Amino acid sequence: MTSPGPAIEWQTALGNAKLCLPPSHVIRDLLSTGVCVRCIFRLSGIHDRDCYISPINESELISFLEEQNEIECNSTTITNCCVCLGVLCPSCVVPEKSGADLRERSSVNELALLISDMVKGEQYQIDEFSLEVSLPPVITANERALRLYLKQKYEKEQWFKDTFLRVHISVKDTLKLVLNASLENYLAVQNVETLSSSFRIRLTYSHSETSQKLQSMLPNGHDSKKREKGSRENGSSKNCNEPDASAYRVLELIEDQNFCSQFQVPPGKVDKPCQLVVACCRTPTYIGGRYLKYSRNVSQSRWIIDDERMGETSVEEIIGENVRQICQGDGYKFHSAGREDIDVRMLGSGRPFLVEVSNSRIVPSSTEIEQISDKINHTDKQLVGVKNLKLVGAEAWDLMREGEAEKQKQYAALVWISRPLNVDDVCNLTSLKDMEISQKTPIRVLHRRSPLERSKVIHWMKIEKVEGTTQYFLLHLCTQAGTYIKEFVHGDLGRTHPSIGSILGCRAEILQLDVTDVKMDYFD
Amino acid sequence: MAENAERSEETLYKPSPKSIEREKQAMEEEPIEDLSSLLLPNLNDLPQNPPTAVEFNFSRYFLPDFTKPGHDQYIYRHANGLCVIGLAQAHVALKEEGGVTAVDFNVGKSDRSELKVTGKRKRNAQHFESNSALCKVCTNDNFYIVRCCVKGSLLEVNDRLIKQPGLLNSSADREGYVAIIMPKQGDWLKIKDSLLSYEDYVKLRGLL
């Protein structure tokens, strides 16, 4: 919103800026070419924000330079600057989201207001933000065209030789300079320059009219025809990320001479300003911990075949959904350090896992983390439990994967053998340390895994007798990650050897399996 | 490749509702400390003779007199569609004096034990018809051809039989299996109804 109040500030700012500006005949030339006041300021290297937010128009600028009169407050009259295509004249920008009506936005504050309304509307809780600006490549071409024009016309003049064009500020940086302070004001949080904030506000500008022209003008004749077709079909430039990157590359490589023959120098006027799409998003939030699975009818991940769900529910859904809900995110991804079968319980230390929440509206504090924990651990059916739940950084993913193959796992299996267990059997099994076994890919997974023979290590085994039986016992064992325990017990038709059966010289079957420990330093 | 419905990879014996209750109670009282009590089974749930891994994870089918009298073979079909082929209990070779003495996979146009199937997609797997020969089983006086029984890709032959042909005498129904074949869903359905169940086979041959 403009107000006559700060006129004094602007006058001082403009007064100081005058030193940087080129002579008035040049300014007249630029203005008549269709360059907006703000572009003139930034090409002259003016860093003072007050200059940019002053609502000075073309004629006022001229009179200010030539006669030093009082400045009146009027809105600018150049719409659709031929260089920045309206990006720096917020009165020209037409946010797509506002629908059909083209509301007059008389200052950068209104754009900032629109953005902050969107952030608040989505109920994001933020400490800071980063502004990302995406401009169409045609603006770079326009800049270059203008520079070449100025060079051709004025390079003999003194003011040009001194510093001009070496000090210019890019459209992007100018926009950020102008917008950040207003956004900080409305959002009441700090801006973080280097995109290291987790909360990103993305402004995507597009100008289909000139972008299409640019594509067709670029040297890759046949490619540009394809792109032209594509953009004609869609109209928006959102599908032009690849062409954008290649457009920049080509522009960099083109020599000045070549450039001048292809492009209009200085850049031509345009009918319409840029279109703007505002989007805001948070980078993924990670919550990690260990889970326990108490049920023998819950799969680890969502398992649906032919529209029929296998098992009652899944660990992924129980944990992931609760985390997502409390973080108010759009979706979740569940990762874990290994997995167990649907009918195998995960007890003891629990298995490390990570939930990645996309676009969470809040970053959970320890209170919210506790809430998630309670919710999962105190449901009616205790199917799954979590412990050591906490907010972690993106590096947690790598930490979890790292050395996964080396980690040892501990199990308890309920085993039956075809004859009574005797003392020698117990000695036999417990004396085996770091025993190597060879496992052909188990038949039960052979349909989807490569047929290989894998060597695994059984580190140790302990026998716990089951009172009242002679042929049943609990086998506690510690093995290398990736060992198929069930097959180690029953032998998988001899494809795993040695096996419990082959070692004891009888038939062995497994009735139940539980994971009792997953040794991992992280997530403890 | 048969993208079959995967009912379960291998589910184990399920405890009774009573013991599930007991487990739950134990967990509510002292979840972490009583790990050992969680692990111990309820004696009432333990059968004298639990189902074998084969019984539990496969559906057993039998083909008596396949292509020739007395050439009884079995197909164990896993829920994932894979079929384990072998000699059924009453196969003539197993009745001979001295039993099986040698097994040779070099039959038909190639040595079946030389095949190398790689990758998830099971490339290089040879396709066979149901009456293609898998191997030759030799006894003191005779030899018998073992066939595929179902049309499909041959994934693996039990090459342990080469060095230990005696496996057929001691455990033809387990470690003495002959091969693993992956049929297409359609090819399996074609033969399914002509196969005998375990109970029917036992009755037919008067076993047990």
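Using θ = phi - 60° in the Karplus curve 6.51 cos²θ - 1.76 cosθ + 1.60, the 3J(HN,Hα) couplings for the stretch B:148-156 round to 5, 6, 9, 6, x, 8, 7, 8, 6 Hz; x is entered for Gly and Pro.
State, in square angstrom and to the nearest 100, the accessible area buried between chains B and A, both chains counted, probe radius 1.4 Å. The buried area between B and A, both sides summed, comes to about 4400 Å².
Note on the stretch A:326-428: Rg/Rh from C-alpha atoms, Kirkwood Rh, equals 1.11. The C-alpha atoms of chain A define a longest principal axis, and helix A:171-187 lies at about 70 degrees to it. Remark: the stretch A:412-424, residue by residue, has Karplus-estimated 3J(HN,Hα) of 10, 10, 8, 10, 10, 10, 7, 8, x, 6, 10, 4, 4 Hz, where x stands for each Gly or Pro and the curve is 6.51 cos²θ - 1.76 cosθ + 1.60 at θ = phi - 60°. With the cut-off at 1.5 for a/c, could you classify the stretch A:370-428 from its C-alpha gyration tensor as rounded, prolate or oblate? Oblate shape, in that a/c is at least 1.5 and b/c is the bigger or equal ratio. Just the number, please: carbon plus sulfur as a percent of the accessible area of the stretch A:312-442, 1.4 Å probe, no ligands or DNA/RNA counted. After summing per-atom areas, the C and S share lands at 48 percent. From the square roots a ≥ b ≥ c of the eigenvalues of the alpha-carbon gyration tensor of the protein assembly as shown, which class results: rounded (a/c under 1.5), prolate (a/b over b/c), or oblate? The shape class here is prolate.
Per residue, the stretch A:399-477 exposes an accessible area of 46 Å² to a 1.4 Å probe, with every protein chain left in place.
Placing unit charges on the Cβ atoms only, positive for Lys and Arg and negative for Asp and Glu, gives chain A a dipole magnitude near 1360 debye about its Cα centre. To the nearest ten degrees, helix A:241-253 and the longest principal axis of the Cα atoms of chain A are 50 degrees apart. Rounded to whole numbers, the Karplus 3J(HN,Hα) couplings from phi for the stretch A:281-290 are 7, 9, 5, x, 9, 10, 10, x, x, 10 Hz, using 6.51 cos²θ - 1.76 cosθ + 1.60 with θ = phi - 60°, and x at Gly and Pro. The angle between the Cα long axis of helix A:221-234 and the longest principal axis of the Cα atoms of chain A comes to about 80 degrees, rounded to the nearest 10.
Percent of Cα-Cα pairs more than 17 Å apart in the stretch A:441-480, please. That tail contains 57 percent of the Cα-Cα pairs. Averaged per residue, the stretch A:262-366 has 37 square angstrom of accessible surface, using a 1.4 angstrom probe with ligands and nucleic acids left out.
Counting, for every residue in A:437-447, the Cβ atoms of other protein chains within 10 Å of its Cβ and taking the mean gives 6.
Interface residues of the stretch A:477-524, defined as those losing at least 30 Å² of solvent-accessible heavy-atom surface relative to the isolated chain (probe radius 1.4 Å), are listed as A:K486, A:H490, A:L493, A:G494, A:R495, A:R507, A:E509, A:L511, A:Q512. Considered as an equivalent ellipsoid built on the Cα gyration tensor, the stretch B:53-130 has semi-axes of 24, 20, 12 Å, the largest given first. The mean number of partner chain beta-carbon atoms within 10 angstrom of a residue's beta-carbon across peptide B:34-43 is 5.
In the stretch B:63-93, burial by the other protein chains removes 10 Å² or more of accessible area from B:H78, B:N80, B:L82, B:V84, compared with the chain on its own (1.4 Å probe, ligands and nucleic acids ignored).
Shown are B:S130, A:S54, whose ranking by accessible area with a 1.4 Å probe and every protein chain present, most to least, is B:S130, A:S54. Highest average first, the peptides B:99-111, B:42-54 ordered by how many other beta carbon atoms sit within 10 Å of their residues are B:99-111, B:42-54.
The values are calculated or read from the model by the stated rules, or taken from the named source; none is laboratory data. As the structure is a computational prediction, the values presented were derived from the model and not from experiment. Using ideal geometry, Cβ is built from the backbone for each residue, glycine included, and neighbour counts are taken over all protein chains shown. Ligands, DNA and RNA are excluded from the accessible area calculation, which covers all protein heavy atoms including side chains. Shrake-Rupley method; radii C 1.70, N 1.55, O 1.52, S 1.80 Å.
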